[in-house]
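Worksheet: one structure, shown below.
All of the numbers you see were taken from the coordinates with simple rules; none came from a lab. Predicted, not measured: the structure shown is a model, and the values here were computed from it. Positions of Cβ are backbone-derived with ideal geometry, glycine not excepted, and every protein chain shown enters the neighbour counts.
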Amino acid sequence: MRTYVGKLMLWAMVLVGGVALSGCSVIYPPVGATLTHYANDHVVPEVLASNDVDISTCGTGAGLHQLLESFERVVHRPHIAMMDTELLSGYCAQARANEAHLMYLQALHDGQANRAKDFHIVEQRLQKLTAQRRYAAYHDFVAAYDHFGDAHACPRFRNDQDQAEYLVGLITTVQALLSDIQAGSVVGVPQDVANRAARSSACLDNAKWWGMPEAIRAAAWMSVPGTAPAGTDPQTVMDHAVETATPSGMPLAATFAAIAAYGHGDTAREQEAIRQFVAIDQQNKVPKKYALLGEIGRLEATYYSDQIWMKATGARTPYEGLGRFPNDSASGKADDTGDLLK
């Protein structure tokens, strides 16, 4: 008995000593796995439900990125969590690029050529950073979900959150290409990723997800001319996407319509899409658990409105004036340009 007890004590000492010597190498894997699951199960839903875009993108997205990426050193790469931090931090960079572009337009309006040139350089640098982050998100998205770009197969979704993650992955894929184009195609995002996203968008129910699958398809086809199926008019598809979004209260498809119209230089259609955004947004029906998507849509719609106002007046959209434009005065609507306090 004494010998048996002695052996148990010896093995216990060896085990304790081994844990002490290996220490962190034993603790890190379960901690990494736990935090990865926590990020997917709790941080992501918390972020999607937030209406503070700055904290979610420049705070959570940028702040958690390297922490989550470091898990790859001890466990498998957390692709979905990484996709989320990359797409969030990508929007953070995009917001800064948007600000630089508005300053560029203001400098042009005021005849300040050197300032305009400098702001344009800043914008291109930030668009490159945006494209890099979104392209990284695209790679993690593809690694996390099977059959991306396959017109005949879809991943097996576990729940609605999984589908929501898939949706934002598709959106970011298209945005990665657009950002790279604006940066001069220096990142090298392949043009076929947009068409692959268009095919994969069919894996999501269009009505359930506020017309966004159709909006993604239309935006992808518009961004790379000649990729739409024979006999399909991308603008008609985009119009139907916005029509589908209208009763849902989620105005994101209207934002995509404005972005697509801007890309084609169609200011009248761009303004109409922004008005449609406002009409949908005023319903105050954005699902609370996806509030962030609605807020990002609002900021993007405001940015495209700001460009129109900046070119015409040298100032942004008047406060609480989203949905009105400088040329509205021709039809008897106030344009607010005569009152500097508005």
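Work through the residues other than Ser56 whose Cβ is under 14 Å from its Cβ and net out their charges, Lys, Arg +1 and Asp, Glu -1. My count for the surroundings of Ser56 gives -4. Among the helices of the chain, those built from whole DSSP H runs whose Cα atoms reach 27 Å or more along their own axis and whose mean Kyte-Doolittle hydropathy is at least 0.5 are 2-22. Note on Lys117: aspartates and glutamates with a C-alpha under 18 Å away, same-chain residues under 8 apart excluded, are Glu99.
Provide the net charge surrounding Gly32, with neighbours chosen by a C-beta distance below 12 Å and charges set as Lys +1, Arg +1, Asp -1, Glu -1. Surrounding charge for Gly32 is 0. Note on the chain: with a GNM built from Cα contacts shorter than 10 Å, the maximum mean-square fluctuation among Glu86, Glu72, Glu295 falls on Glu72. Given +1 at the Cβ of Lys and Arg, -1 at the Cβ of Asp and Glu and no other charges, the dipole of the chain around its Cα centre is 960 debye to the nearest 20.
What number, in percent, do you get for the relative contact order of the chain if the mean sequence gap of Cα pairs under 8 Å and at least 6 apart is divided by its residue count?
Details: 476 pairs, mean separation 47.8, N = 342.
Rounded, it is 14 percent for the chain.
Along the charge dipole of the chain, pointing to its positive end and built from +1/-1 on Cβ of Lys, Arg, Asp and Glu, which listed residue (Ser305, His79, Ala137) has its Cα farthest out? Among Ser305, His79, Ala137, the one farthest towards the positive end of the dipole of the chain is His79. Sorting the segments 36-42, 59-65 by their mean number of nearby beta carbons within 10 angstrom, highest to lowest, gives 59-65, 36-42.
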